[in-house]
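Notes follow once the structure below has been shown.
The values are calculated or read from the model by the stated rules, or taken from the named source; none is laboratory data. Being a predicted model, the structure only gives us computed values, none of them experimental. When we count neighbours, we look across all protein chains shown, and the Cβ atoms used for this are built from the backbone with ideal geometry, even at glycine.
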Amino acid sequence: MKKSIVSIILVLVIAATTFPISITASDNDDIESLRKRINSINDIDDAIFNSLETAILKKYTDVTKGAWYMSVMVKLVGLSSLDGFPNNTLEPSGIVTRAMFIKLFIRAMYGTKGLEGLTPSFSHWAALDVKKAEETGILSPGEYVPSNMSEPITRGEMSTLIARAYRKLEENPLTDAQCKPMAALIKDFDRIPESIRSDVLIVYGSGIISGYPDGTFRADGKATRAEASAIIIRYLDRRERAKVSIPGNQTKREPMVLRYDDPYRPMAIEGDTFIKPDGTAVVLKRGPSGVLGEGQGVATELGRIDRGKTPIQHGDLGTEEPFIGQPYLVCEKTGEGHYRSEWLDISQSMKKRALEELGHPAEGTSYGPWLVYRYGGWSWTGPR
């Protein structure tokens, strides 16, 4: 009986060795065969993308169909830029090192054929990519060496590398002067090192690297493999870039009539006539704090379709300057709506006027719809 079992096991082992049943091997063959048909991102049509995605989903165990990162990571796999790990993972949430990023970026632009004939200055798995980056001016000689390439790359560093390529290779690139006004949209701009500020403004203004919903850029922040992939795809394909309006470049318009029930109305300006839900018309003006519509009981943004392509509701974050990343807040008591920074301006202005006009009145005294005197000071009760 024991001899029979041993014989069966030997047969199975020999069969498995001779005829390996491995999904991974065939999936890898599919990816490699598809890569041979791709020379640039323009070669990745819907059919090739779908085939790549299918092979990737079978081969790698930590990616999910429909996840936001699939649209960018699939393309980089097809461009021979992004590879998985020996444990059959792509690690979309893994932190990107300098070596990883320069390999992703260089091979996405030039492919593996672009590295042929190069003689690297040192021994490292990304040495050829570093050499190509040095030859093209994306890296300075000696900027990346084995001793620093395993460190995580920051968003500021990525901005510099992308900006160098953008200035050298982009057709009709934005200039530093054109992007300079973008500094007003980045809340933590003063925390960005001066040496890379122009690079950050270039990638931000061109829509290649966006800021965060709270309006910050976080130049010292790290990026995941998925986020780095998205940045590189935005560099390669203009159609994928974020739409950014440079302050001061907007076309001015004349005041017009805006209806609350027209979702495609533009952002309101001073002098517009706003038709409220009850049918009354309000000519928009700036209040004592300088905020448009202050004290007029209107929510000009509510229901308007903005750059986010959905009607703005209470609490939604702004997608247009100068309110990018700020929540739009509507007061239940008055129906008035403003972005958070506007409400802050209103509250500070009202507190100053209340102190000047009423000083320190009796406890519970009100001033306007949103101020109450409590515990020896004026308290804001409106949206915040």
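Given the options K113, K103, name the one that is under 22 Å from I162 (Cα atoms), of a type in the set (K, R) and loosely packed, with under 14 Cβ neighbours inside 10 Å.
Just a single option satisfies the conditions, and that option is K113.
Quick check on this structure: which one of E363, E342 is out of contact with any Cys (no Cβ under 6 Å at 6 or more places or on another chain), in a helix (DSSP H, G or I) and either among the charged types (D, E, K, R) or in the same structural domain as C331 (by TED's automatic domain parsing) (or both)?
E342
Based on this model, can you work out whether I208 counts as in a loop (DSSP other than H, G, I, E, B), touching a Lys or Arg at 6+ places or on another chain (Cβ under 9 Å), touching a residue at least 40 places away in the same chain (Cβ under 8 Å) and assigned by TED's automatic domain parsing to the domain that holds I95?
yes
Looking at this structure, is L201 assigned by TED's automatic domain parsing to the domain that holds R98, within 26 Å of G318 (Cα to Cα) and not in a helix (DSSP H, G or I)?
Answer is no for this residue.
Could you look through the stretch 354-384, keep only residues that are within 40 Å of the chain's Cα centre (by Cα) and farther than 16 Å from T334 by Cβ, and pick out the one that is surrounded by the fewest Cβ atoms within 10 Å (Cβ to Cβ)?
Step by step, filter the stretch 354-384, then rank; the result is S379.
Mind checking whether some residue in the stretch 78-92 is in a helix (DSSP H, G or I), touching a residue at least 12 places away in the same chain (Cβ under 8 Å) and either of a type in the set (K, R) or assigned by TED's automatic domain parsing to the domain that holds Y235 (or both)?
Yes: the stretch 78-92 contains one or more residues that are in a helix (DSSP H, G or I), touching a residue at least 12 places away in the same chain (Cβ under 8 Å) and either of a type in the set (K, R) or assigned by TED's automatic domain parsing to the domain that holds Y235 (or both).
For the stretch 93-131, name all the residues that are acidic (D, E) and not in a helix (DSSP H, G or I).
Correct list: E116 only.
With respect to N172, is the statement that it is modelled with pLDDT of 95 or more, more than 30 Å from G315 (Cβ to Cβ) and exposed (fewer than 14 other Cβ atoms within 10 Å of the Cβ) true?
When the stated conditions are applied, N172 does not pass them.
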